[in-house]
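Structure first, then comments.
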Amino acid sequence: VNDHPSQYKITLSGTVKSPKLNFDPPFLMLMPVPLNVETATDLRIVTQDYIRQSRIHVELPEVELEDGDRIQPFSVQFPEGQDIVPSSDGKNNQLNCHISFRSPKPVSFSGNICFTDEEEN
């Protein structure tokens with residue numbers, strides 16, 4: 001191009017995909033159990049459109065009891081780890097998650113357990 005100036009026009013187009021977490025099953029219903037007895041279930045977190053490694057963080061709800069005490073009866077564990085590792089073949093990866101509930105006092109609760117990645121998706 002040096003001594004022969006020319007104009008080139010380049011048009012680029014693309015689609016931005018935000019990383020997502022999908023859950024299987026999409027909601028949980030834990031069975032009632034006697035006081036101080038654990039009830040638990042497993043779920044799969046399916047990661048979608050991650051292009052770099054990230055780590056799942058969990059916010060657990062605090063529950064207020066009838067006597068005014070506040071407890072955190074939920075527990076979340078990731079048996080194989082909580083790192084999201086993108087796959088080279090473009091397939092969605094899965095993380096296994098174990099959620100349990102135990103309360104020393106009677107409680108009925110409906111609420112959210114919030115899962116986010118390092119970018120707060």
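At a glance:
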item: Qualifying residues in the range 90-105 (those that are open to solvent by 100 Å² or more (accessible area, probe 1.4 Å) and part of a loop (DSSP other than H, G, I, E, B)) - the one modelled with the highest pLDDT; result: Arg102
item: Close pairs (9 angstrom Cβ cut-off, 6 or more residues apart or separate chains): closer than 17 Å to Val46 by Cβ and acidic (Asp, Glu) in the range 92-121, surrounded by fewer than 14 Cβ atoms within 10 Å (Cβ to Cβ) and at pLDDT 90 or above anywhere; result: Asp117/Arg55; Asp117/His57
item: Residue match in the range 109-119 (condition: surrounded by fewer than 13 Cβ atoms within 10 Å (Cβ to Cβ), of a type outside the set (Ser, Thr, Tyr) and part of a strand (DSSP E or B)); result: yes
item: The lone exception for Asn112 - which of (1) in contact with a strand residue (DSSP E or B) (Cβ under 8 Å, 6 or more places away or on another chain); (2) within 26 Å of Met31 (Cβ to Cβ) it fails; result: (1)
item: Cross-chain or 6+ apart pairs with Cβ under 9 Å, the range 36-51 first and basic (Lys, Arg), then not in a strand (DSSP E or B); result: Arg44/Pro25
item: Considering residues of the range 74-88 that are among the β-branched types (Val, Ile, Thr) and assigned to a strand (DSSP E or B) only, the residue least open to solvent (accessible area, probe 1.4 Å); result: Ile84
item: Residues of the range 1-51 that turn out to be at pLDDT below 85, within 19 Å of Phe115 (Cα to Cα) and β-branched (Val, Ile, Thr), as a count; result: 1
item: Count of residues meeting criterion [within 14 Å of Arg44 (Cβ to Cβ) and within 12 Å of the chain's Cα centre (by Cα)] in the range 78-91; result: 3
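The values are calculated or read from the model by the stated rules, or taken from the named source; none is laboratory data. These numbers were taken from a predicted model, which means no experiment stands behind them. Virtual Cβ from ideal backbone geometry, glycine too; neighbours counted across all protein chains shown. Note: areas computed on protein heavy atoms with side chains; ligands, DNA, RNA excluded. Shrake-Rupley method; radii C 1.70, N 1.55, O 1.52, S 1.80 Å.
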